[in-house]
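S.K.: Sending over a structure as structure tokens; questions will come in a sec.
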Amino acid sequence: MCLISRGPAPGPVSGEETTMRAVAPVFTSFVLSVLSATTFCGLAAAEPTTLRMAWYSDGNEGEVMADLLKRFHEQNKDIEIVLDQVPFKAINETLPVQLASGQAPDMARVVDMGGLSRFALDMRPFLKDPGYWEMNFGPFLEWMRPAGDTKAIPGFMTQLTVTGPFVNKTLFEQAGVAMPGEKSTWEDWAKAAKQVADKVQAPFPLALDRSGHRYYALAVSQGTQVFGANGEPDVVDEGFKRAAQLVYDWHKSGVMSKELWGSVSGTAYRGANDEFKNAQVVMYLSGSWQISQFAKTIDNAFDWVAVPNPCGPGGCSSMPGGAGLVAFKTTQHPKEVARVMEYLASEPVLAEFYSRSLFVPGHLGLAKKGVDYPTASPEAAAALKVFTASAAQISPIAYRIQGYSNSRIVLNAVISRLGQAVSGETTLEDAYKRITADVAQQIAERNKK
Amino acid sequence: MSGISSTTRLERGIATGALARLGQVAVLPVGVALRLLDPPMRWMQRFIGARRMAYVFLLPNFVFFGLFVFLPIGINVVFSLTGGTALFPSQRPYVGGDQFAYLFDCGSYLDPSSCREDHFWRGVANTAKFVVFQVTAMVLFSLITALVLNMKIRGRGFFRAVYFFPVLLSPVVVALIWKWILQRDGLLNAAITTLGGQKILFFVDPGWAMFWAVFVSVWAHMGFYTLILLAGLQAIPADLYEAAEMDATPRWRVLLRITLPLLWPNMIVVIVLALIKGAQTFDEVFVLTGGGPGTATLMVVQYIYETAFSSQVQNFGLAAAASVVLGVVLFVLTLLQFAAARRKEV
């Protein structure tokens, strides 16, 4: 662009001059190329590193994360983060394929931390203070590590979730039925919910999300142990059968509607959050992640409360869970990824994130100090209090199920086969046999090398 | 013509000439490119002969077809012979015919619950049931619609467009529309309760779920098959009907003796195409019923999708084996279509 073309030199020229004239343009071009390459490379070096983060949302947490990342970029101009807000289904189904093919984002918010642990980046070499992570995320890091690894630090918890029931208090009041108190059993709640539903013509007396995770909140309280003496899954035990029988009988007696568990096939998830928001559900077993959207969408339409998990022979434990922001080893920029993660996992930033998203903290230090929720409505604040109290009563077996790297295989087999039994396609006995066979077959397939 | 002045004619001539020149300029690069290609093509023709030049022209298409059709089929077959959860074939252990053996391990093929992979066989049974009902209904309603639209009725063009319109919609959109109509608080239940009836939970009852899966599929695709039959009806010579009319032949006899026999080649095409499409059904039913209740509307393609992508252990090998089985069935149906088409030509 800057080259000036010249006409031929006038007059006769010597041989040396001819050679010089021939070489000069080549030399000039070479020098200019080197200069421009140096300039270009210099510019390229000054360009920010772009990282990608895949993120799904239940409530407003995507907006909060976008704010925090913007703030991070203002303080760190050399790193840009593209936040890909995707549906939960994409995290569950597309992300594993992206990871296997080496085309994954640098970080992602995931639920199946154990299942994806083989792709996770151990950030220890890039972190300024790995001790901070061990101290504040220690028990949850186990959920993110591959089996046998006791040291890796792949990410942090964006939220700790606790399963538990939401109750439409207005429907109880309209029906004139007293709400069962603390330590009530599942049977007590089922009976009360059915009475209310019959009186107010609500189509869903008791609703459990069609999810293996939610089913295990019931099963653990019925005393299931999940693992045999050898440490391998032994899913169908007496506690499991008690829970399965309850679900089966509730569908038969109309305590549970077949529209959730019986209307779709396989491992498909079905929630009753929309039905609860429309005041069609008396009691809804879901979890703490629903608080934000219930507070926002129900508003003053009716009174709702979160209640402690109902009890059974195995206790009153909820199921823990949650989502972690995990870094992946396919990233080309592990140092930059670690810097972003350090910023987001720092106590003040994380406190703001939990506070604005109305999440139960997955950071031990913050859990101990307590998080303020200034934006929470009175219902949401009360619900957060109930779930935080439930988190303290989670049984070790519930933690073990959640941390097991093949837990999703177990949860999915359960939901698929119990769904068939509920819809009347198979018997419970057949479902038990199939669950055992499915779990064994899928673990064997995963272990094939 | 005499009213047009010579100036106007001249202007028109200039305009036409300008357009022609513009066209020449526009196609100039094409002409140049063709002229450039001419010498090597002539050389090649001399070298390989005029008859083989056809293959040279077909080659680009073959390359694309091979790349996007045959190569994926090959990769799929390779996957069906491997196990594990790794994505790349090079990292997957070879298991021979194990995936097929697992799929076909049944006490009785007529009883899916006796099979090790019962979901596959439930999918096969459901797909077979769906195809029988859907193809029968599709052919019948398409035929009736085509016969009506072939009559000289008022607004014929409008009705032809109306029946064809659903074909233009995306299957997902079709399923979502019908889901809104059929769900607990949907339009149909609103109508039923307004008339004093009880709400019906269509997606909880296996019979209703299958009925609506078939109904929605017929509604969505009938226009396409109607069009094929309509074309067939319009190709029947009118003098045959005139002769029948002169003989005072009853209309039902005209239908049975003239229309249906002469429409039969088109009917065969419609039946075979509907069979192939029915066996591949996935998106509409998946969005409408999710394969439920239980597995009452789980189709083979949904089984393949879920086995490969939405189950926790992404079992690409088993899914690939199931798709090879489905592919063989579709191949046989396609051969039937070719045979039918050839018969039509004869």
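The values are calculated or read from the model by the stated rules, or taken from the named source; none is laboratory data. For clarity, every value in this text was computed on a predicted model and none was experimentally measured. Cβ coordinates were reconstructed from backbone atoms using ideal geometry, including for glycine residues, and neighbour counts include every protein chain displayed. To get the accessible areas, we keep the full protein, side chains included, count just its heavy atoms, and leave off ligands, DNA and RNA. Shrake-Rupley method; radii C 1.70, N 1.55, O 1.52, S 1.80 Å.
S.K.: Going through the range A:117-142 one residue at a time, which ones are open to solvent by 20 Å² or more (accessible area, probe 1.4 Å) and more than 27 Å from A:ASP58 (Cα to Cα)?
M.R.: Listed by number, the residues that qualify are A:ASP122, A:ARG124, A:PRO125, A:PHE126, A:LYS128, A:ASP129, A:PRO130, A:GLY131, A:TYR132, A:GLU134, A:MET135.
S.K.: List pairs: first in the range A:180-207 and basic (Lys, Arg), second part of a helix (DSSP H, G or I), Cβ under 6 Å, 6+ apart or cross-chain?
M.R.: A:LYS199/A:ALA175
S.K.: Identify, by number, the condition in (1) surrounded by fewer than 21 Cβ atoms within 10 Å (Cβ to Cβ); (2) in a helix (DSSP H, G or I) that A:ALA301 doesn't meet.
M.R.: Every listed condition holds for A:ALA301 apart from (2).
S.K.: Under the condition of being polar (S, T, N, Q) and under 16 Å from B:ASP98 (Cβ atoms), which residue from the range A:408-449 is nearest to the other protein chains (Cβ to nearest Cβ)?
M.R.: My answer is A:GLN442.
S.K.: I'd like to check something: does the range B:49-59 contain any residue that is among the charged types (D, E, K, R) and either part of a helix (DSSP H, G or I) or open to solvent by less than 60 Å² (accessible area, probe 1.4 Å) (or both)? So that I can check it myself, show each step before the final result.
M.R.: Step one: filter the range B:49-59 for residues among the charged types (D, E, K, R), giving B:51-52.
Applying the additional criterion that residues be either part of a helix (DSSP H, G or I) or open to solvent by less than 60 Å² (accessible area, probe 1.4 Å) (or both) yields none.
For the range B:49-59, residues among the charged types (D, E, K, R) and either part of a helix (DSSP H, G or I) or open to solvent by less than 60 Å² (accessible area, probe 1.4 Å) (or both): absent.
S.K.: Please enumerate the residues belonging to the range A:230-271 that are assigned to a loop (DSSP other than H, G, I, E, B), farther than 18 Å from A:ALA192 by Cα and within 12 Å of another protein chain (Cβ to nearest Cβ).
M.R.: As a first pass, look at the range A:230-271 and keep what is assigned to a loop (DSSP other than H, G, I, E, B): A:230-232, A:234-237, A:254-257, A:262-269, A:271.
Among the residues that remain, those that are also farther than 18 Å from A:ALA192 by Cα are: A:230-232, A:234-237, A:262-269, A:271.
Once the filter is applied, which keeps residues that are assigned to a loop (DSSP other than H, G, I, E, B), farther than 18 Å from A:ALA192 by Cα and within 12 Å of another protein chain (Cβ to nearest Cβ), the range A:230-271 yields A:GLY262, A:SER263, A:VAL264, A:SER265, A:GLY266, A:THR267, A:ALA268, A:TYR269.
S.K.: If we scan the range A:334-342, do we find a residue that is open to solvent by 10 Å² or more (accessible area, probe 1.4 Å), touching a helix residue (DSSP H, G or I) at 6+ places or on another chain (Cβ under 6 Å), assigned by TED's automatic domain parsing to the domain that holds A:GLY102 and touching a residue at least 40 places away in the same chain (Cβ under 8 Å)? Steps first, answer last, please.
M.R.: Step one: filter the range A:334-342 for residues open to solvent by 10 Å² or more (accessible area, probe 1.4 Å), giving A:334-336, A:339, A:342.
Add one more test, that the residue is touching a helix residue (DSSP H, G or I) at 6+ places or on another chain (Cβ under 6 Å), and what stays is A:334-335.
Next, from what is left, pick out any that are assigned by TED's automatic domain parsing to the domain that holds A:GLY102: A:334-335.
With the extra rule that they be touching a residue at least 40 places away in the same chain (Cβ under 8 Å), the set shrinks to A:334-335.
Yes, that holds for at least one residue.
S.K.: Go through the range B:133-178 and count every residue that is open to solvent by 60 Å² or more (accessible area, probe 1.4 Å), in a helix (DSSP H, G or I) and either in contact with a strand residue (DSSP E or B) (Cβ under 9 Å, 6 or more places away or on another chain) or not hydrophobic (A, V, I, L, M, F, W, C) (or both).
M.R.: Number satisfying all stated conditions: 4.
S.K.: Do the conditions hold for A:ALA295, that is, is it touching a residue at least 24 places away in the same chain (Cβ under 8 Å) and closer than 18 Å to A:PRO378 by Cα? Lay out the reasoning, then the answer.
M.R.: Working: touching a residue at least 24 places away in the same chain (Cβ under 8 Å): yes; closer than 18 Å to A:PRO378 by Cα: yes.
Criteria met by A:ALA295.
S.K.: Could you list, in sequence order, the residues of the range B:298-318 that are farther than 16 Å from A:ALA90 by Cβ, more than 7 Å from chain A (Cβ to nearest Cβ) and over 22 Å from the mean Cα position of the chain (by Cα)?
M.R.: Within the range B:298-318, B:THR307, B:PHE316, B:GLY317, B:LEU318 qualify.
S.K.: Can I ask one more? Just for helices (runs of 4 or more DSSP H) wholly inside the range A:331-449: which have at least 3 residues that are in contact with a Lys or Arg (Cβ under 6 Å, 6 or more places away or on another chain)? I'd like the intermediate steps shown before the answer.
M.R.: Values: elements: A:334-345, A:347-357, A:364-369, A:378-391, A:396-403, A:407-422, A:428-447.
It comes to A:428-447.
S.K.: Quick check on the range A:279-287. Is at least one of its residues under 26 Å from the mean Cα position of the chain (by Cα), within 14 Å of chain B (Cβ to nearest Cβ) and assigned to a helix (DSSP H, G or I)?
M.R.: no
S.K.: Looking only at helices (runs of 4 or more DSSP H) that lie completely in the range B:193-284, which have at least 3 residues being β-branched (Val, Ile, Thr) and either assigned by TED's automatic domain parsing to the domain that holds B:THR295 or open to solvent by less than 10 Å² (accessible area, probe 1.4 Å) (or both)? Before the answer, list the steps.
M.R.: On the way: elements: B:206-234, B:238-246, B:251-254, B:260-279.
Counting at least 3 such residues, we get B:206-234, B:260-279.
S.K.: Restricting to the range B:285-311, and then to whatever is of a type in the set (Gly, Ala, Ser) and not in a helix (DSSP H, G or I), can you tell me which residue is surrounded by the fewest Cβ atoms within 10 Å (Cβ to Cβ)?
M.R.: So the residue we want is B:GLY290.
S.K.: From B:THR85, B:THR127, grab the single residue that is crowded, with 16+ Cβ neighbours inside 10 Å and within 30 Å of B:VAL269 (Cβ to Cβ). Step through it out loud before you land on a result.
M.R.: Numbers: B:THR85 fails: within 30 Å of B:VAL269 (Cβ to Cβ).
After ruling out the rest, the residue left standing is B:THR127.
S.K.: Now for a different question. Only residues that are aliphatic (A, V, I, L, M) and under 22 Å from the mean Cα position of the chain (by Cα): list them for the range A:48-85, please.
M.R.: A:LEU51, A:MET53, A:ALA54, A:VAL64, A:MET65, A:ALA66, A:LEU68, A:LEU69, A:ILE81, A:VAL82, A:LEU83
S.K.: Still on this structure: Counting only residues that are surrounded by fewer than 21 Cβ atoms within 10 Å (Cβ to Cβ), of a type in the set (Gly, Ala, Ser) and modelled with pLDDT of 95 or more, how many does the range A:63-116 have?
M.R.: Residues in the range A:63-116 being surrounded by fewer than 21 Cβ atoms within 10 Å (Cβ to Cβ), of a type in the set (Gly, Ala, Ser) and modelled with pLDDT of 95 or more: 1 in total.
S.K.: Checking A:ALA392 against (1) in contact with a helix residue (DSSP H, G or I) (Cβ under 8 Å, 6 or more places away or on another chain); (2) more than 14 Å from chain B (Cβ to nearest Cβ): exactly one of these is not met. Which one?
M.R.: Of (1) in contact with a helix residue (DSSP H, G or I) (Cβ under 8 Å, 6 or more places away or on another chain); (2) more than 14 Å from chain B (Cβ to nearest Cβ), only one is false for A:ALA392: (1).
S.K.: Considering each residue of the range A:258-272, count those that are open to solvent by 20 Å² or more (accessible area, probe 1.4 Å) and free of Cβ contacts under 8 Å to residues at least 60 places away in the same chain, and give that number. Full working, then the answer.
M.R.: So the first thing to find is which residues in the range A:258-272 are open to solvent by 20 Å² or more (accessible area, probe 1.4 Å), and the list is A:258-259, A:267-270.
Retained after the next criterion (residues that are free of Cβ contacts under 8 Å to residues at least 60 places away in the same chain): A:259, A:268.
Within the range A:258-272, residues that are open to solvent by 20 Å² or more (accessible area, probe 1.4 Å) and free of Cβ contacts under 8 Å to residues at least 60 places away in the same chain number 2.
S.K.: Which one is nearest to A:SER253 (Cα to Cα) among residues in the range A:176-205 that are open to solvent by 10 Å² or more (accessible area, probe 1.4 Å) and touching a helix residue (DSSP H, G or I) at 6+ places or on another chain (Cβ under 7 Å)?
M.R.: Filtering the range A:176-205 for residues that are open to solvent by 10 Å² or more (accessible area, probe 1.4 Å) and touching a helix residue (DSSP H, G or I) at 6+ places or on another chain (Cβ under 7 Å), the one nearest to A:SER253 (Cα to Cα) comes out as A:GLN195.
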